[in-house]
């Protein structure tokens, strides 16, 4: 088989992989994030190549990294992260209590944000915090961390 991944915008080079007849999957590395690629699979034989099987795919957004909690209080917290090296349209931050019943909080932020203050949290509660990078209709995998709000002293 011969597998090619060609960016629809033609601004990046085509990536090509040649596989043995037994191989039924391949990973194509070093693609650009958030780009639509046309992936073509050709069967190769003694009489040449088949017509391709063609699929369009869009590569994902890399998630934010380096999640840190820089200020934690009884009812609020401040979370920071490092932005992925991609032009984004925003971020989504979700805060979910882990061991108590309570409301999930979600806020959307501007693309130049690298921190969020979340208030109105329950005292002495373990929360899972998830930060997603957004680009148009695409959402990255979350970067997650767990933090406990403080006791009310």
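The values are calculated or read from the model by the stated rules, or taken from the named source; none is laboratory data. All values reported here derive from a predicted model rather than from experimental measurement. All Cβ positions, glycine included, derive from the backbone under ideal geometry; neighbour counts span all protein chains shown.
Annotation: of all residues in the stretch 2-47 being touching a strand residue (DSSP E or B) at 6+ places or on another chain (Cβ under 6 Å) and part of a loop (DSSP other than H, G, I, E, B), the one that is nearest to residue 139 (Cα to Cα) is 34.
Put simply, of 42, 37 the only residue that is modelled with pLDDT under 95, surrounded by 13 or more Cβ atoms within 10 Å (Cβ to Cβ) and assigned by the TED database to the domain that holds residue 17 is 37. Of 102, 90, all but one fail to be free of Cβ contacts under 8 Å to residues at least 24 places away in the same chain and touching a strand residue (DSSP E or B) at 6+ places or on another chain (Cβ under 9 Å); the exception is 102.
If you go through the stretch 59-95 and keep only what is under 19 Å from the mean Cα position of the chain (by Cα) and either exposed (fewer than 15 other Cβ atoms within 10 Å of the Cβ) or closer than 12 Å to residue 147 by Cα (or both), you end up with 65, 66, 67, 68, 79, 82, 85, 87, 89, 95. Residues that are modelled with pLDDT of 95 or more and in a loop (DSSP other than H, G, I, E, B) were ranked within the stretch 59-78; the one that is nearest to residue 140 (Cα to Cα) is 63.
Consider the stretch 48-58 and keep the residues that are free of Cβ contacts under 8 Å to residues at least 12 places away in the same chain and outside any strand (DSSP E or B). The one that is surrounded by the most Cβ atoms within 10 Å (Cβ to Cβ) is 50.
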